[in-house]
């Protein structure tokens, strides 16, 4: 198995190819991770939340969060993993609020949806590749 570092652009492209990821933030200085769905929009990660989700409160306060997603084959371990860190903001622009619920599939039937934008400051990613089989030289 070999590991290749992804470029910033490759990492965001791969992140945009999946719908689910994990957002990490703190509650009372303790780490918390929630699985959420997302899209990538102009280099930012857009996440929907609903009232009562702690990360909505963190986004409203403009706090730093981490976000991670991956696609790794459980048999071969081939795939990729992307992690980013950045500020989370609650989107309050009515045009954006009207648009995002249409492109981000909700988890449930929550009437009041909040939209969070994560602006990544740090983006890292790796690609896990199977080593090519060596051909014996006679």
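Couple of notes before you dig in:
- Scanning region 47-64 for residues that are at pLDDT 85 or above, under 11 Å from the mean Cα position of the chain (by Cα) and surrounded by 12 or more Cβ atoms within 10 Å (Cβ to Cβ) turns up at least one hit.
- Test: residue in region 79-95 that is assigned to a strand (DSSP E or B), within 19 Å of residue 4 (Cα to Cα) and either modelled with pLDDT under 85 or more than 15 Å from the chain's Cα centre (by Cα) (or both): yes
The values are calculated or read from the model by the stated rules, or taken from the named source; none is laboratory data. Since this is a predicted model, take the numbers as computed values, not measurements. Methodologically, a virtual Cβ is constructed for each residue, glycine included, from the backbone with ideal geometry; neighbour enumeration extends over all protein chains shown.
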